[in-house]
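Here is the structure we will look at.
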Amino acid sequence: MKKTLFLLVATAISCNSSQKTVNDVSTEASKTASEITFAESITETELKEHLYIYASDEFEGRETGQPGQKKAIAYLKAEYEKLGIPAAKTDGNYFQDVPLEISKLPKGKLSVNGTDFSIGEHVLTFAAANTSVNEIIYVGYGIEDDSYSSYNDIDVTGKIVLLKSGEPKKSDGNYVISGNTETSIWSNMSESLTKRIQIAVDKGAVGVLYYDTDNFSRFKRRFETMKQNNSGRMEVVDNNAPEFYSLFIDQELAKSLHASIESDSESKVLSKKIDLSFESSNDVIKSENVVAMIKGSEKPNEYLVISSHLDHIGIAGDGEINNGADDDGSGTVALLEIAEAFIKASNAGVGPKRSIVFLHVTGEEKGLLGSQYYTDVDPIVPLEQTVANLNIDMIGRIDPKREGDRNYIYLIGSDKLSIELHNLSEEVNKKFMNIELDYTYNDENDPNRFYYRSDHYNFAKNNIPIIFYFNGTHADYHKPSDTPDKINYDLLQNRTRLVFHTAWEIANREQKLKVD
């Protein structure tokens, strides 16, 4: 009897276990079928309808702060209202005001112990700067890392700091940070610049004199272009931020401040009489981000941000309109379609577990300003609870440099902060879309620097995992010829569905993505 009873119990357990497995498989299949159904609501027809309106002459090229941009944000608001997706802001306003100003190119000079160094030749700055000091603090490389700090035993509070590019080496020729012959992030021209300045700000400095021949050349080209065009630099207005001076200096000026700057990396006080005399006038610009949100069903206080930029470069000097169908009309209408797919899921009772923020940012063409304001000044949802950012900027065309299958998309940044995100992205694509994921521009040494050139970067610099979806540039990039008739709508549909499936997985997985 005991043996028989044991066999009966074992059989019952086995049957129940098998039934559970069948149910799990059935449930998973049902979830996948539902996800595919919602993804299929993203269609060429609807994308085309949106884009022929959004990239029409009526929108005047959507230049930041101009009438065309106001028409663009009104269109986006109306579409979210039609979909029944509420504003992300608690007051119900879809618009996030982004205060901007155009700083005219400064005029003036920097003096060291009475010797003048002119702007545009020996020193570069893009904003007014007026102050006098009797000493500055030299902080070598300006690095703060687990294995090395330029700020040990020196206080820079209220001081202007002098620093240089590069990173320290050991006597054996290996780099201090990496411990081998490989350079670290501190040798990355763009990213290390941002990090060095932020460290100086965090340490209480009021300004930076940065000696970096590569960045000096890059910013000098920008300075000369602005001078020739009699244009200014648009910037975010943050009235709560302390005044901070960022100046780039050439070798002659650097050596007048510290003769042995090339060889010396030890921090020290330099007794120098420094006068900054740079004047500039500012014009106020009013612009807006558009932000909508679907609340998560189970984890409403965790957020996935999907973004695209709503602006373009406006009307050319000859009166031709830069419609910006690909840049970034394609990303904008993709975001609308993704939002529609998610709200259909939500209305069907299978909405995302995490909240999804649909963020259309302004001022990308002026320097990632709308996303900078969102991340650095007024994040509508907490950055520490933002699990990822998927950024869509130009996904409707084909890069003429690319060879092979047209069914591709460039992915940038997926592995920079989270290997889990990269693997998830690969698996989702293999399961649903089979688009060729091209990582050409994900190379750290990519001379195009695309990783730093769209709105995802303002999330990445805040340690939020990102993916940047991009089709590459083409002959119509930033020209009036970037029109809706040249968009490959089948590719736009497939790429948009890929972003949707990736977002679906991020929003519904049990654990947040690991930042590693």
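Every number here is computed from the coordinates shown, using simple stated rules; none is lab data. Fair warning: this is a prediction, and the values are worked out from it, not measured in the lab. Here Cβ is always computed from backbone atoms with ideal geometry, including for glycine, and neighbour counts include all displayed protein chains.
Quick notes on this structure:
- Spatially proximal lysines relative to K273 (Cα-Cα < 23 Å; intrachain offsets below 8 disregarded): K107, K109, K159, K164, K203, K255
- Volume per residue of the convex hull around the Cα atoms, evaluated for the range 123-223, comes out as 115 Å³.
- Cα centroid of the range 123-151 to Cα centroid of the range 247-306, whole Å: 11 Å
- Tilt relative to the chain, helix 67-83 - C-alpha long axis, 0 to 90 degrees, to 10: 20 degrees
- DSSP bridge pairs, the chain: antiparallel proportion in percent, nearest 5: 60 percent
- For GluC sites (Glu not before Pro), the sites in the range 311-414 that DSSP calls loop and that have at most 16 other Cβ atoms within 10 Å are E320, E403.
- Exposure proxy ranking, count of Cβ atoms within 10 Å, fewest first, for S414, S308: S414, S308
- The range 327-476: antiparallel DSSP beta bridges as a percent of all, rounded to 5: 30 percent
- Using a cutoff of 8 angstrom between alpha carbon atoms and counting only pairs six or more residues apart, the relative contact order for the range 106-279 works out to 40 percent.
- The DSSP beta bridges internal to the range 106-279 are antiparallel in roughly 65% of cases.
- The Cα atoms of the range 206-260 give a gyration tensor whose axes a ≥ b ≥ c have a/c of 1.5 or more with a/b no greater than b/c, which makes the shape oblate.
- Relative exposure of T45, T502, T183, judged by other C-beta atoms within 10 Å (fewest first): T45, T183, T502
- Proximal lysines to K430, defined as alpha-carbon separation beneath 25 angstrom and excluding residues fewer than eight positions away on the same chain: K31, K344, K353, K401, K416, K512, K514
- Projected onto their three principal axes, the Cα atoms of the range 106-279 cover extents of 49, 35, 33 Å, largest first.
- Whole-number percent relative contact order across the chain, with pairs defined as alpha carbons under 8 Å at least 6 apart: 20 percent
- Counting every C-alpha pair in the range 442-506, the share spaced more than 21 angstrom apart comes to 42%.
- Only DSSP H runs of four or more residues enter the estimate; each adds -39500 (n - 2.57), and after division by the residues of the chain the mean residue ellipticity at 222 nm equals -10000 deg cm²/dmol.
- Degrees separating the helix 213-229 axis from the principal Cα axis of the chain, which is the longest one: 90 degrees
- Sequence of T440, T483, T213 once ranked by neighbouring C-beta atoms within 10 Å, starting from the fewest: T213, T440, T483
- Among the GluC sites (Glu not before Pro) in the range 175-271, those located in a DSSP loop and surrounded by at most 16 other Cβ atoms within 10 Å of their own Cβ are E182, E243, E262, E266.
- Cα-projected label distance for D443 with S132, points at 7 Å along beta-carbon direction, nm: 5.2 nm
- FRET efficiency, T213 to E58 (Cβ-Cβ, R0 45 Å, nearest 0.05): 0.45
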